[in-house]
Amino acid sequence: MTPTLAIKAGDIPRIKHDEAMAITAVENHRLWELLIDIKPDEWTLPTDCTRWNVRAIVVHLIALAEAQASVVEFVRQTMAGRKLMEEIGGIYPVDGLNEAGLRARSHLKPEDLSDLWSSVAAKALSFRRRMPAPIRALPLLRLDRGLWKPLGYLYDIGFTRDVWMHRIDLSRAIGRTLDATAQHDGRIVADIIAEWATTHTDPFTLKLTGPAGGTYIRDSADPGDCLEVDAIDCCRILSGRGTPVGVLHHPLLL
């Protein structure tokens with residue numbers, strides 16, 4: 001068997017706008033396929049997001065899609081979220097936005113969520129595709145104290161990563177197999193590793209297993225920690241789901 005070649009994290013081509021939109025279209029459809037398979041008694045099951053059950057995650061994604069499709073709605077959720085930060089013990093500004101989106105949609109019925117997702121996700125994707133490059137480049141996104149990112153960080157791939165990670169949460173919660181592929185899930189994983197490697201300076205060798213996997217290093221001259229872990233589990237750990245081991249103690253906000 002031919003050994004898997006290690007890829008330097010710095011050599012991974014980052015996902016840019018056009019590719020991100022194609023990936024988003026696939027991810028939105030895959031989530032819809034999962035939603036139509038959720039049984040009535042599964043909507044209240046707990047998830048890896050300890051404050052949210054299955055229904056809450058789906059409503060959260062719908063709220064975010066509505067915010068993506070409308071600047072007015074995005075501002076409305078942001079302003080409402082600021083007022084909730086202290087009440088919910090939020091850490092990041094997005095925590096308040098997420099809570100505001102959920103509270104405003106408490107009336108949504110589980111049986112309507114799959115169709116609603118299909119509709120609002122299409123509108124959100126259309127808006128994101130049309131967003132001009134100069135607007136996407138504006139450094140207006142505050143992720144944390146002193147950490148600012150361009151809007152494109154969120155509108156190109158950030159929102160899609162959120163859908164992808166929550167699709168994993170939902171699959172685990174309702175006991176469905178995540179049919180990961182190298183072309184889709186593997187590309188998302190590689191992009192995550194490329195960004196994660198910029199957040200710290202530790203040497204590493206990550207042997208990520210499964211269809212979405214690959215072997216990633218910082219520098220072949222210094223392999224650092226050599227960890228073998230499932231690619232999906234690796235991203236879960238980086239996002240705060242699971243127990244970090246070795247170099248994976250460096251988190252990445254997904």
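One table, with the values for the structure above:
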read-out	value
Gained length - Arg129 relative to Glu86, 0.36 nm times residue gap less alpha-carbon distance	12.0 nm
GNM top mover of Lys83, Lys123, Lys207 - the chain, alpha-carbon springs below 10 Å	Lys83
27 Å Cα-Cα threshold exceeded, pairs from Lys83/Lys149; Lys123/Lys149; Lys8/Lys149; Lys16/Lys83	Lys16/Lys83
FRET efficiency, Ala25 to Asp219 (Cβ-Cβ, R0 41 Å, nearest 0.05)	0.70
For the chain, share of DSSP beta bridges that run antiparallel, in % to the nearest 5	45
Spatial extent of the range 89-247: Rg and Dmax, with the Cα atoms as the point set, Å	17.8, 57
C-alpha center-to-center spacing [the range 110-168, the range 24-86] in angstrom	12
Where labels lie 7 Å past Cα in the beta-carbon direction, separation of Ile7 and Arg103 in nm	4.2
Environment charge of Arg176, counting only residues whose C-beta is closer than 11 Å and scoring Lys/Arg +1, Asp/Glu -1	-1
Rg and Dmax [Cα atoms of the range 182-249; Å; Rg one decimal, Dmax integer]	11.0, 31
Radius of gyration and Dmax over the Cα atoms of the range 43-96, both given in Å	12.1, 33
Computed lengthening from Thr50 to Leu227, 0.36 nm per intervening residue step minus Cα-Cα distance	61.0 nm
Estimated inter-spin distance, Trp32 and Leu147, nm [label 7 Å along Cα→Cβ]	3.3
The range 22-145: C-alpha gyration tensor shape, a/c 1.5 cut-off, then a/b vs b/c	oblate
Among Ile36, Ile15, Ile192, residue whose mean-square fluctuation peaks in a GNM of the chain (springs only between Cα atoms under 10 Å)	Ile36
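Read-outs throughout are calculated quantities, based only on the coordinates presented, and are distinct from any laboratory measurement. All values derive from a computational prediction rather than experimental measurement. Backbone-built Cβ (ideal geometry, glycine too); neighbour counts: all protein chains shown.
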